[in-house]
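Heads up: the structure comes next, in structure tokens.
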Amino acid sequence: MDKIIDKISSYNIFNYVFPGVLYCIICDKYLNFPLIQESLVTGLFLYYFVGLIISRIGSLVLEPILISMKIVKFSDYSDYVRAEKEDEKIALLSEINNMYRTIVSLILFIAGTAAYIVALERWPEFRGVSIYLILTVLFILFLLSYRKQTAFITKRVSSNK
């Protein structure tokens, strides 16, 4: 267990574990949707996975919306790669930037969970179909994440030629 914890980077802590833990605590305390785990190991994996989902929603859904609304604007990626080599703080600033995006996504995810709970209460027959809906959304989310990460790696390789 110590070896696993040693390998968790600050990025993973602040962009996956932290929002996952916050989400589960808020769901447990305020939405009567129990997600807190008694086992530390089980909890760590659940919180990390939930945080990963929240982060991916921020990256794949929220970020494009913010870009289209001109709320955020990114530098050209090759400029970013060059600047990152010159100024080591850029990587830290990017990590913090991603954490803020993930927190905004966390807030939206909590609101979505509250709406899901209301839908289950209002339409009990929705419960039987909801697992298929959740699995479909997760499949699409991680498929798009894989595509985005592959494109990111390809751009990074091209920028370092």
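The values are calculated or read from the model by the stated rules, or taken from the named source; none is laboratory data. Only a predicted model underlies this, so the values are computations on that prediction, with no experimental measurement involved. Neighbour counts run over all protein chains shown; Cβ positions are idealised from the backbone, glycine included. Remember, those area values only see protein heavy atoms, side chains included, never the ligands or the DNA or RNA. Shrake-Rupley method; radii C 1.70, N 1.55, O 1.52, S 1.80 Å.
General observations
- Residue in segment 68-77 that is in a helix (DSSP H, G or I) and open to solvent by less than 50 Å² (accessible area, probe 1.4 Å) present: yes
- Flag for Ser94 being at pLDDT 95 or above, exposed (fewer than 14 other Cβ atoms within 10 Å of the Cβ) and among the polar types (S, T, N, Q): no
- Residue pairs whose Cβ atoms lie under 8 Å apart, separated by 6 or more positions or on different chains, with the first residue in segment 29-55 and under 22 Å from Leu120 (Cα atoms) and the second open to solvent by 40 Å² or more (accessible area, probe 1.4 Å), are Pro34/Asp28; Leu35/Asp28; Leu35/Leu46; Ile36/Ile25; Ile36/Asp28; Ile53/Phe109; Ile53/Leu138; Ile54/Phe109.
- Being hydroxyl-bearing (Ser, Thr, Tyr) and in contact with a helix residue (DSSP H, G or I) (Cβ under 6 Å, 6 or more places away or on another chain) is a property that does not hold for Tyr30.
- When Glu121 is tested against (1) within 24 Å of the chain's Cα centre (by Cα); (2) open to solvent by 90 Å² or more (accessible area, probe 1.4 Å), exactly one condition is not met: (1).
- Selection from segment 11-21 of residues that are open to solvent by 60 Å² or more (accessible area, probe 1.4 Å) and in contact with a helix residue (DSSP H, G or I) (Cβ under 8 Å, 6 or more places away or on another chain): Phe14, Phe18
- Within segment 22-53, tally of residues that are among the β-branched types (Val, Ile, Thr) and either touching a Lys or Arg at 6+ places or on another chain (Cβ under 9 Å) or surrounded by fewer than 18 Cβ atoms within 10 Å (Cβ to Cβ) (or both): 4
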